[in-house]
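What follows is a short report on a single structure.
The values are calculated or read from the model by the stated rules, or taken from the named source; none is laboratory data. Only a predicted model underlies this, so the values are computations on that prediction, with no experimental measurement involved. Quick reminder, even Gly has a Cβ in these numbers, built from the backbone with ideal geometry, and neighbours come from all protein chains shown. Just so you know, the surface numbers come from the protein's heavy atoms only, side chains and all, with ligands and any DNA or RNA stripped out. Shrake-Rupley method; radii C 1.70, N 1.55, O 1.52, S 1.80 Å.
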Amino acid sequence: GGMRMVVVGGVAAGMSAASRARRANPDAEIVVFERGAWVSYGACGLPYALAQDKPDWDVLVARTPQQLRGRGLHVQLEHEVTGVDARARTVTVRGPGGSRTEPYDELLIATGVSAVQPAWSVPGLAGVHTLRTMADAQALDASVRGARRVAIIGGGYIGLELAEALRARGLSVALLEAQEDVAGRALDPEVAAPVRAEVERGGVDVRTGVTVEGLGARAGRVTGVHTSAGFVRTDVVVVAVGVRANAELARAAGARLGRSGAVRVDVACRTAVPGVWAAGDVCEVRHRVSRRFVHVPLGLTANRMGRVAGVNMTGGAARFPGIVGTGIFKVFGLGVARTGLTLAEARAVGLDAVAVDSALADRPGYYPGHAPLHVRLVAERASGRLLGGQLVGQPDAVKRVDVLAATLHARGTVHDLEAYDLAYAPPFSTVWDALLVAAGRTA
Ligand code: FAD
């Protein structure tokens, strides 16, 4: 019937839910409040837009607000939801015209994450940025015009993608990372080493094991970064040291937060509060290998949870299956992928795990363009159950991680993996695909 659904946050999870609900219930009134000026765009594309001297932001937009309104979704830009009364089923919304109260029958919180602002970060200092939203990317784009040097703090995948993008714009880029490796949170140290080498080959000044102590400034503008290894002079700073869930609204509604600080929902994307749902980066999710709740904010998870919430909020019955911790990125000529648990993660959850590294080739030696492919498989010692895998090699070669992800979903062993009929022709792989060889060595 004519229920009223309110969605907070109009990017991946929020728009997926709204679109699904629209299809399931043509009579529902669906309102989407987004505090920013953009909805329905691919945040994952921001580094690639930023690599251009004149970024084309519009290509990142899946559907414009006009198109969404044409489908009967009441999208309200620059409207921030500042409060919720779950008993009265109302939200407080602050828009350009002031604050007002709006009723809902079902409320979806899809507020995503925000970049962590470390204590040394000076609020309002010109030239200091984070990268989460379209507005962040546009501000960074404006800041690097006319700049010569940029320092990126944090060597996770966003810092690395950004380093490549800003090198492409001719900037001199320094990457500062507190750990000994870049991409070190996603990978075991045995796998991470070639990533740093590739980033340096790309012309980035990589400094690891470096702690940031503060920012230098003159006349309200950043001039550099004070670190444990001295002062790094720069025109622009990007802080990419992690994210935290925008869970305040969910907490205010009475929803439970997990230890990660993100919102705990059930497989239907329901919080513990009647009429309140949550989906996407703001949530923690069940890891199918460790059985723990984890906060791994990624695009497919956000879209899938949004879809599940949209179905269920309109009376359907969909379930979110959990994740296996799959992730992939490219930096310069290198692809990096992982799924499941690293050896360190497996041991941390009490599993008796072993890891086997294999230095292989992605194609036969006679085929042009063949390159090394490093495969690390993590398995349970006694049973041989696959627990995870990490791949570093050419970008197209590491998409093999999907085979490992599927094996994890099926709770397969390295023996199962070794028996798989995988595709072979010289332009794609060796006759015994690298994964089959690696599985054989782990079995
Ligand atoms: P978000 O996209 O964060 O959207 C939440 C929205 O809610 C925001 O627009 C915010 O303004 C709005 N909001 C928050 N609070 C309120 C409020 N109180 N009132 C109104 N509106 C509010 N993932 C991958 O899987 N692969 C990738 O390669 C990848 N690359 C990425 C690269 C970058 C640079 C970034 C930033 C992210 C990348 N991601 C990637 C992650 C992916 O973009 C996110 O997982 C996805 O966008 C999450 O969607 P979401 O809808 O949960 O949250």
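Have a look at Leu373, Leu436, Leu386, Leu408 and point out the one that is closer than 20 Å to Gly335 by Cα and within 25 Å of the chain's Cα centre (by Cα). Selected residue: Leu373, the only one of Leu373, Leu436, Leu386, Leu408 that is closer than 20 Å to Gly335 by Cα and within 25 Å of the chain's Cα centre (by Cα). For region 145-167, a residue qualifies if it is open to solvent by 10 Å² or more (accessible area, probe 1.4 Å) and either farther than 21 Å from Ala178 by Cα or free of Cβ contacts under 8 Å to residues at least 24 places away in the same chain (or both), and the qualifying residues are Arg145, Gly146, Ala147, Arg148, Arg167. Does Ala178 satisfy the criteria of being of a type in the set (A, V, I, L, M), open to solvent by 60 Å² or more (accessible area, probe 1.4 Å) and either assigned by TED's automatic domain parsing to the domain that holds Cys44 or within 22 Å of the chain's Cα centre (by Cα) (or both)? Considered against the rule, which asks whether it is of a type in the set (A, V, I, L, M), open to solvent by 60 Å² or more (accessible area, probe 1.4 Å) and either assigned by TED's automatic domain parsing to the domain that holds Cys44 or within 22 Å of the chain's Cα centre (by Cα) (or both), Ala178 comes out as yes. Among the residues of region 156-173, the one identified as within 13 Å of the ligand (Cβ to nearest atom) and not in a helix (DSSP H, G or I) is Gly156.
The set of residues from region 218-250 being open to solvent by 60 Å² or more (accessible area, probe 1.4 Å) and more than 12 Å from the ligand (Cβ to nearest atom) comprises Arg218, Ala219, Arg221, His226, Ser228, Ala229, Phe231, Arg233. Within region 101-115, residues that are at positive phi have Cβ atoms under 9 Å from residues that are more than 8 Å from the ligand (Cβ to nearest atom) and open to solvent by 20 Å² or more (accessible area, probe 1.4 Å) in these pairs: Gly112/Val243, counting only partners at least 6 apart in sequence or on another chain. Can you spot a residue in region 62-72 that is within 30 Å of Glu164 (Cα to Cα), within 13 Å of the ligand (Cβ to nearest atom) and under 25 Å from the mean Cα position of the chain (by Cα)? Checking region 62-72: at least one residue is within 30 Å of Glu164 (Cα to Cα), within 13 Å of the ligand (Cβ to nearest atom) and under 25 Å from the mean Cα position of the chain (by Cα). Looking at region 275-290, is at least one residue open to solvent by less than 10 Å² (accessible area, probe 1.4 Å) and in a helix (DSSP H, G or I)? Yes; the residues of region 275-290 include at least one that is open to solvent by less than 10 Å² (accessible area, probe 1.4 Å) and in a helix (DSSP H, G or I). The residue pairs whose first member lies in region 314-332 and is in the same structural domain as Glu200 (by TED's automatic domain parsing) and farther than 20 Å from His287 by Cβ, whose second member is aliphatic (A, V, I, L, M) and at pLDDT below 95, and whose beta carbons are closer than 8 Å, counting only pairs six or more residues apart or on different chains, do not exist in this structure.
Gly316 meets all of the listed conditions (1) surrounded by 21 or more Cβ atoms within 10 Å (Cβ to Cβ); (2) under 30 Å from Gly2 (Cβ atoms) but one, namely (1).
In region 14-29, the count of residues that are open to solvent by 20 Å² or more (accessible area, probe 1.4 Å), out of contact with any strand residue (DSSP E or B) (no Cβ under 6 Å at 6 or more places or on another chain), of a type in the set (D, E, K, R) and more than 19 Å from Cys269 (Cα to Cα) is one or more. Based on this model, can you work out whether Arg256 counts as more than 29 Å from Tyr104 (Cα to Cα) and surrounded by fewer than 18 Cβ atoms within 10 Å (Cβ to Cβ)? No, not satisfied. Look at (1) part of a loop (DSSP other than H, G, I, E, B); (2) surrounded by 24 or more Cβ atoms within 10 Å (Cβ to Cβ) and you find that Asp266 fails only one, number (2). Taking the condition more than 20 Å from Val7 (Cβ to Cβ), out of contact with any helix residue (DSSP H, G or I) (no Cβ under 6 Å at 6 or more places or on another chain) and either open to solvent by less than 70 Å² (accessible area, probe 1.4 Å) or within 14 Å of the ligand (Cβ to nearest atom) (or both), does Val206 pass? Against the criterion (more than 20 Å from Val7 (Cβ to Cβ), out of contact with any helix residue (DSSP H, G or I) (no Cβ under 6 Å at 6 or more places or on another chain) and either open to solvent by less than 70 Å² (accessible area, probe 1.4 Å) or within 14 Å of the ligand (Cβ to nearest atom) (or both)), Val206 does not qualify.
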